[in-house]
Amino acid sequence: MSEPILTVVVPCYNEEDILPYTFTKLKELLISLINESLVSDRSRLLFVDDGSKDQTWNMIYKEVLKNDLIKGLKLSRNVGHQNALLAGLNTAKEVSDCIVSIDADLQDDIEVIREFIQKYQEGYDVVYGVRKKRDTDTFFKKTTAQGFYTFMKKMGVDIIYNHADFRLMSNRAVKELERFEEVNMFLRGIVPLIGFKSTSVYYDRKERLAGETKYPLKKMIAFAFDGITSFSITPIRFVLSLGLISFFTSMLFAFYFLSLKFFGNTELGWTSLITSIWLIGGLQLTAIGLVGEYIGKIYKETKQRPKYIVDIDSFTVPMKMLINSEGEENEPYRLELSETH
Ligand code: UDP
Ligand code: MG
């Protein structure tokens, strides 16, 4: 069998601090993979700029112009980690046999990609990178992340424990991914749904070397909530059973109150009345809110908006550097069609 063409997709959002390190490390790895004949020399690194506000895109593009191994994709605005990743996967699948996705901060052990390739050669279509332990994460990050997985599982979302978005997918797995047309793309939940032969590879996760996490608690909660409401109706069922339980309890209470009335003692307290008003009111609001959340999701899905828009794709758009008045390289810019002939 000839060597597979590999593309490593790296979503980047405001990653200027870490990018020089990431370029060096990934280039080293790819070159050695090519030299060892594990992957084809047509393999590439694809950096996706997710509408960064810092120098990220300029850095990527300078790298693209310097080095043939590096490709860049610029999205028109920030669309979030999952959609940026999807943009990268969709672009990469046109030119590769297998695709590895990894975060720009390289907290995941890039050496494991070697094992990914081996598994791919053994015939696996999806290889999940799974973290062995979380020693290097802060206590807070560790517990919230752990809680996240347990909670998701309870809520009926079948995700691989301790697996983030570090994985290898074969070309055909990525092609199938395209058929999941939902707007709320939660890749960790969707990839297992594709099926095919899959396996996991275990590694230690490192600390972020530079820059800061783009997933503070607020985003993590939003991520979990989105994941749950896009994947399961457990919360709605829960609210339904809550409603049923309170309905039957109030029937019992009504029975009790009536009997009190008939046997002469009607001095029922204000407390119990006001408590039940608040209780039922609260329950109703929660239920309506939750139902609304799902309706909102349906609303979004029916609109079928594009999940991301590509601004510049270095695979297809030829680029050159703009030279400023001092003769220095400035921002990369797009060539007009007339300039390319
Ligand atoms: N990221 C992105 N768009 C965003 C937020 C994050 O492309 O809106 C990228 C980010 O550059 C990184 C990856 O997603 O490569 C994971 O983010 P981060 O490392 O901050 O998350 P954590 O590892 O802390 O969960
Ligand atoms: Mg990270």
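The values are calculated or read from the model by the stated rules, or taken from the named source; none is laboratory data. Treat the numbers as computed from the prediction; the structure is a model and nothing was measured. Don't worry about glycine lacking a Cβ; one is built from the backbone with ideal geometry, like all the others, and counts go over all protein chains shown.
The table for this structure:
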read-out	value
Looking only at the stretch 286-315, and only at residues there that are of a type in the set (A, V, I, L, M, F, W, C) and within 30 Å of LEU46 (Cβ to Cβ), the one that is surrounded by the fewest Cβ atoms within 10 Å (Cβ to Cβ)	ILE309
Residue check for LYS27: away from ligand 2 (no atom under 16 Å from the Cβ), crowded, with 16+ Cβ neighbours inside 10 Å and closer than 20 Å to THR91 by Cβ	no
Every residue from the stretch 17-44 that is under 25 Å from GLN118 (Cβ atoms) and within 13 Å of ligand 1 (Cβ to nearest atom)	THR22, LEU26
Failed criterion for LEU193 (all others in (1) without any contact (Cβ under 8 Å) to a residue 60 or more places away in the chain; (2) exposed (fewer than 13 other Cβ atoms within 10 Å of the Cβ); (3) more than 17 Å from the chain's Cα centre (by Cα) hold)	(3)
Odd one out for MET220, checked against (1) more than 13 Å from the chain's Cα centre (by Cα); (2) within 16 Å of ligand 2 (Cβ to nearest atom); (3) not small (Gly, Ala, Ser)	(1)
Where ASP105 falls short, out of the listed (1) out of contact with any strand residue (DSSP E or B) (no Cβ under 9 Å at 6 or more places or on another chain); (2) away from ligand 2 (no atom under 16 Å from the Cβ)	(2)
Lone qualifier among ASN58, ASN14, ASN83 - being within 16 Å of ligand 1 (Cβ to nearest atom) and either at pLDDT 95 or above or on the phi > 0 side of the Ramachandran plot (or both)	ASN14
Test result for ALA173, crowded, with 18+ Cβ neighbours inside 10 Å and either within 16 Å of ligand 2 (Cβ to nearest atom) or of a type in the set (Ser, Thr, Tyr) (or both)	no
Candidates ASP204, ASP165, ASP125, filtered to the one that is within 16 Å of ligand 2 (Cβ to nearest atom), surrounded by 18 or more Cβ atoms within 10 Å (Cβ to Cβ) and closer than 30 Å to ILE5 by Cβ	ASP165
Residue tally, condition surrounded by fewer than 23 Cβ atoms within 10 Å (Cβ to Cβ) and more than 16 Å from ligand 2 (Cβ to nearest atom), over the stretch 71-88	5
Hey, LEU258 assigned to a helix (DSSP H, G or I) and either at pLDDT below 75 or out of contact with any Ser or Thr (no Cβ under 8 Å at 6 or more places or on another chain) (or both) or not	yes
Elements of type strands (runs of 3 or more DSSP E) contained in the stretch 103-207, each with 2 or more residues being within 16 Å of ligand 1 (Cβ to nearest atom)	126-131
